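One structure below.
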Amino acid sequence: MGERVQVDLPGGPLVLETGDVARQAHGAVVLRYRDNVLLATAVAADEPRPGQGFFPLTVEYRERFAASGRIPGSWLRREGRITDPEVLASRLADRTVRPLFPKGFLCETQLMLTVLSADEEVEPESLAITAGAGALAVSDIPWKGPVAGVRIARVHGEWVLFPTRREREAADLDLVVSSGPGGLVMVEGQGREAPESQVVAALDRADRAAREIAEAIGELVARAGREKRFHEEPVPDEDLAARLARDLGDAVRDAVGEPAKQARRRRIAEVFDRWLAGQGEDLAGREDEARELYGALVARVIRERIARDGKRIDGRGLADVRPITCAVSWLPRPHGSAIFTRGETQALVSCTLGTGRDEQQVETLEGMRSERFLLHYNFPPYSVGEVRPLRGPGRREIGHGNLAHRALEPVLPSADDFPYTIRIVSDIAESNGSSSMATVCGASLALMDAGVPLRAPVAGVAMGLVHEGGEYHVLTDILGDEDHLGDMDFKVAGTRDGVTAIQMDNKLGSIPRDVLERALGQARAARLHILDEMAKTLPAPREALSPRAPRVTSLRIRRERIRELIGPGGRNVQEIQAATGVQVDIGEDGLVRVYAKDRAGAAEAMRRIRHLTLEPEVGEVYRGEVILVRDFFAIVRLGASVEGVLHVSELDTRRVPRVGDVLSVGDTVDVRVLGVDEKGRIRLSRKEAHR
């Protein structure tokens, strides 16, 4: 029999079970919350591969469509390659568990998170963090947990743990937070220009809830956890480390002061290569060990310089932002474009406006949904001076693009106010820290350049951390090396009024709450500075759309008339589009939108649509075609399926003996709708049309 623990949450009990399922995995946990059921398994190789110098951790979050009682819509009718939402959920768990593995543990490890049953209201992604942490905690794999993940939202001023989808739609702040006994581990989320004070309050509330769940995991470990396999953290050769510091310390201090990234890396490498070439036989076979210790020396010099002197690699102070330059409309054909450069990080961004047919259809556990805002982030190898094959977007690119997407989405106009599909493409032309935040800034400028009526411009900045001598030193606008050698990567994006997106990773295992609060305040000051720099180039959206963007005209028809507009096999709509060069989108609610490149095409398309769907109103004047003439009346066609009766007495202000004296079949005539006669026919008047 297995073991189980339970945590009572406002939305119901959260249950963790182990011992009954996947017993050959090194650790396995089944998590149940409402109708969500997830299986998490952890397995690690017995030994690292020979010569391996990195930790090969793989975290795979996968959703089974059977979990929601659905069959996949793909041709094969089975789940295929990992989807973008699954990648993002995998990253949430990866960024939580990775910093808690002990130093020097290099055995290949795989954490698999499978959704077996999905609740209709509460998403499983944040629950997967806790399930994965539980599997690692009960396994024999060395790991410094437990931790747990929670989703928290602020809905109508109240904090809600594991909110429903409807509650999340109404929330002005929505975060996923991982935490444990040591403090905060990972943060991800978005807000509707949420004040920093509210972000801190959310972290406090989420931290308490996550610790309670982590304590339950600890209880499960006490009952059913396996004994951790022996792992001894590597002890560096202190004599060799001291020798490197003595021989190369001054040269390293001089080399790390080179402000340019590539030149700095070359100088640092040359210092070691010259030293190694002059060593005797005593280092034979220990070159890799010496190189690793040299890397640690470089890191220590950089960190001590920050902690002791308050001076960073490129000479900036801890709170300084690198120089910024911006340009817009630099590409002639896209509807909007921008270049955003901050130091040695540069984003080339374009904005394209499309029609409703350009929306992306996404299949999820809940069914199909449409996405009208697309943001695609590309990180080509030339941006960091490398050569490597292009294999499509990787997990990092998907994650960075999603972060920028979340940062901008809260300030976009609604589909009713701005009926366009919007696509942003960000190509990173140069990278030295925080290219995702450069994407946010460049995309904001490109959107405004295209004339998209943003509620406010958005900027972002990445914050770093160095923990030395018991002190925490927060860095603004970190470089790539400061990210690599530092202890935290904390990205914050928002407007002048508040935060729209946030993401935090750390390497210490946990970050104190007061340090994050200080980083948020420092990030706000940097964000306001960046927004000021952006405003010098383009302070607000352009008043007019790009002349190359499609123009939208719309009208609403009754749902009963949709079929008449479409016509048999779509013939009517196809004829309109072919004759006028427009695109016609018809919503299920009867909203018809016409996308055209010129006013003439739009006007003609709208005339034809009105003709097909006309519903005449009493007192209004219409132009119709005479289709039948008799002595005392004529039949006039006002629309494709609307006809009225024009009596001889309503032909003119003077007496007319016969209708044929004035009208013939095929004539066009202006008539006013008088009402409906006793037979239900529409009564028309020519003599009243011009009064």
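The values are calculated or read from the model by the stated rules, or taken from the named source; none is laboratory data. What you are looking at is a predicted structure, and each value in this text was computed from that prediction instead of being measured. Virtual Cβ from ideal backbone geometry, glycine too; neighbours counted across all protein chains shown.
Just one residue in the set LEU283, LEU276, LEU293 is more than 30 Å from PHE490 (Cβ to Cβ), hydrophobic (A, V, I, L, M, F, W, C) and either free of Cβ contacts under 8 Å to residues at least 12 places away in the same chain or buried (at least 17 other Cβ atoms within 10 Å of the Cβ) (or both); that residue is LEU283. Determine, yes or no, whether GLU678 is part of a loop (DSSP other than H, G, I, E, B), modelled with pLDDT under 85, within 27 Å of GLY567 (Cα to Cα) and out of contact with any helix residue (DSSP H, G or I) (no Cβ under 6 Å at 6 or more places or on another chain). Criteria not met by GLU678. Give the residues of the stretch 114-149 that are in contact with a helix residue (DSSP H, G or I) (Cβ under 8 Å, 6 or more places away or on another chain) and polar (S, T, N, Q), sorted by residue number. Scanning the stretch 114-149 gives SER117, SER126, THR130.
The set of residues in the stretch 565-577 being surrounded by fewer than 16 Cβ atoms within 10 Å (Cβ to Cβ) and either touching a Lys or Arg at 6+ places or on another chain (Cβ under 8 Å) or over 16 Å from ARG357 (Cβ atoms) (or both) consists of GLY567, PRO568, GLY569, ARG571, GLU575.
Scanning the stretch 174-184 finds one or more residues that are at positive phi and not assigned by TED's automatic domain parsing to the domain that holds ASP94. For GLU233, the criteria (1) surrounded by fewer than 17 Cβ atoms within 10 Å (Cβ to Cβ); (2) among the charged types (D, E, K, R); (3) modelled with pLDDT of 90 or more hold in every case but one, which is (3). Taken across the stretch 499-512, residues that are closer than 27 Å to GLU193 by Cβ and more than 22 Å from the chain's Cα centre (by Cα) do occur, with at least one present. Scanning the stretch 533-559 for residues that are more than 35 Å from the chain's Cα centre (by Cα) and over 13 Å from LEU612 (Cβ atoms) yields a count of 0. The set of residues in the stretch 595-618 being assigned to a strand (DSSP E or B) and without any contact (Cβ under 8 Å) to a residue 60 or more places away in the chain consists of ALA596 alone.
The set of residues in the stretch 186-230 that are surrounded by 16 or more Cβ atoms within 10 Å (Cβ to Cβ) and of a type in the set (Lys, Arg) comprises ARG192, ARG205, ARG211. Within the stretch 442-464, residues that are crowded, with 24+ Cβ neighbours inside 10 Å reach partners that are aromatic (Phe, Trp, Tyr) with beta carbons closer than 6 Å, at six or more positions or on different chains, in the pairs GLY442/PHE340; MET463/PHE490.
Got at least one residue in the stretch 543-558 being within 14 Å of ARG607 (Cα to Cα), assigned to a loop (DSSP other than H, G, I, E, B), of a type in the set (A, V, I, L, M, F, W, C) and modelled with pLDDT of 85 or more? Walk me through it before giving the result.
First pass over the stretch 543-558, keeping only residues within 14 Å of ARG607 (Cα to Cα): 553-557.
Next, from what is left, pick out any that are assigned to a loop (DSSP other than H, G, I, E, B): 557.
If we keep only those that are of a type in the set (A, V, I, L, M, F, W, C) too, we end up with 557.
From what's left, modelled with pLDDT of 85 or more: none.
Looking for residues that are within 14 Å of ARG607 (Cα to Cα), assigned to a loop (DSSP other than H, G, I, E, B), of a type in the set (A, V, I, L, M, F, W, C) and modelled with pLDDT of 85 or more, one finds none in the stretch 543-558, hence no.
Condition test on ALA501, is it aliphatic (A, V, I, L, M) and under 18 Å from GLY189 (Cα atoms)?
Yes; evaluated as a whole, the condition is true for this residue.
For the stretch 243-295, give me each residue that is among the small types (Gly, Ala, Ser) and in a helix (DSSP H, G or I). Hits for the stretch 243-295 are ALA245, GLY249, ALA251, ALA255, ALA263, ALA269, ALA277, ALA290, GLY295.
Could we say that SER444 is of a type in the set (S, T, N, Q), in the same structural domain as SER414 (by TED's automatic domain parsing), at pLDDT 95 or above and in contact with a Lys or Arg (Cβ under 9 Å, 6 or more places away or on another chain) here? Against the criterion (of a type in the set (S, T, N, Q), in the same structural domain as SER414 (by TED's automatic domain parsing), at pLDDT 95 or above and in contact with a Lys or Arg (Cβ under 9 Å, 6 or more places away or on another chain)), SER444 does not qualify. For ARG264, the conditions (1) touching an Asp or Glu at 6+ places or on another chain (Cβ under 6 Å); (2) farther than 26 Å from GLY385 by Cα; (3) not assigned by TED's automatic domain parsing to the domain that holds VAL384; (4) not hydroxyl-bearing (Ser, Thr, Tyr) all hold with the exception of (2).
When GLY182 is tested against (1) more than 25 Å from PRO512 (Cβ to Cβ); (2) surrounded by fewer than 24 Cβ atoms within 10 Å (Cβ to Cβ), exactly one condition is not met: (1). For ASP481, indicate whether it is under 23 Å from LEU528 (Cβ atoms) and in contact (Cβ under 8 Å) with a residue 12 or more places away in the chain. It is false that ASP481 is under 23 Å from LEU528 (Cβ atoms) and in contact (Cβ under 8 Å) with a residue 12 or more places away in the chain. If I ask for residues that are more than 19 Å from HIS611 (Cβ to Cβ) and touching a residue at least 24 places away in the same chain (Cβ under 8 Å), which ones from the stretch 646-661 would you list? Once the filter is applied, which keeps residues that are more than 19 Å from HIS611 (Cβ to Cβ) and touching a residue at least 24 places away in the same chain (Cβ under 8 Å), the stretch 646-661 yields HIS647, GLU650, LEU651, ASP652, THR653, ARG658, VAL659, GLY660.
Hey, can you tell me all the residues within the stretch 304-325 that are surrounded by 15 or more Cβ atoms within 10 Å (Cβ to Cβ) and part of a helix (DSSP H, G or I)? Answer for the stretch 304-325, where residues must be surrounded by 15 or more Cβ atoms within 10 Å (Cβ to Cβ) and part of a helix (DSSP H, G or I): ARG305, ILE306, ALA307. Only residues that are crowded, with 24+ Cβ neighbours inside 10 Å, β-branched (Val, Ile, Thr) and assigned to a strand (DSSP E or B) were counted in the stretch 124-156, giving 2. Selection of strands (runs of 3 or more DSSP E) fully inside the stretch 157-209 by the criterion of at least 3 residues being within 13 Å of MET504 (Cα to Cα) returns 173-180, 183-194.
If I filter the stretch 514-521 for residues that are modelled with pLDDT under 90 and in contact with an Asp or Glu (Cβ under 9 Å, 6 or more places away or on another chain), do I get at least one hit? No; the residues of the stretch 514-521 include none that is modelled with pLDDT under 90 and in contact with an Asp or Glu (Cβ under 9 Å, 6 or more places away or on another chain). Across the stretch 53-102, the number of residues qualifying as of a type in the set (S, T, N, Q), exposed (fewer than 14 other Cβ atoms within 10 Å of the Cβ) and closer than 23 Å to SER139 by Cα comes to 1. Here is the figure for the stretch 619-650: residues that are under 22 Å from VAL573 (Cα atoms) and assigned to a loop (DSSP other than H, G, I, E, B) total 2.
May I ask you to list the residues in the stretch 580-638 that are of a type in the set (Asp, Glu) and farther than 18 Å from ARG357 by Cβ?
First, the residues of the stretch 580-638 that are of a type in the set (Asp, Glu): 585, 588-589, 598, 604, 615, 617, 620, 625, 631.
Result: ASP598, GLU604, GLU615, GLU617, GLU620, GLU625, ASP631.
Among residues of the stretch 384-409 that are surrounded by 15 or more Cβ atoms within 10 Å (Cβ to Cβ), those with a beta-carbon under 6 Å from a residue that is among the charged types (D, E, K, R) at least six positions away or on a different chain give the pairs ILE398/ASP84; GLY399/ARG91.
Residues of the stretch 256-273 that are hydrophobic (A, V, I, L, M, F, W, C), free of Cβ contacts under 8 Å to residues at least 40 places away in the same chain and surrounded by 16 or more Cβ atoms within 10 Å (Cβ to Cβ): ILE268, VAL271, PHE272.
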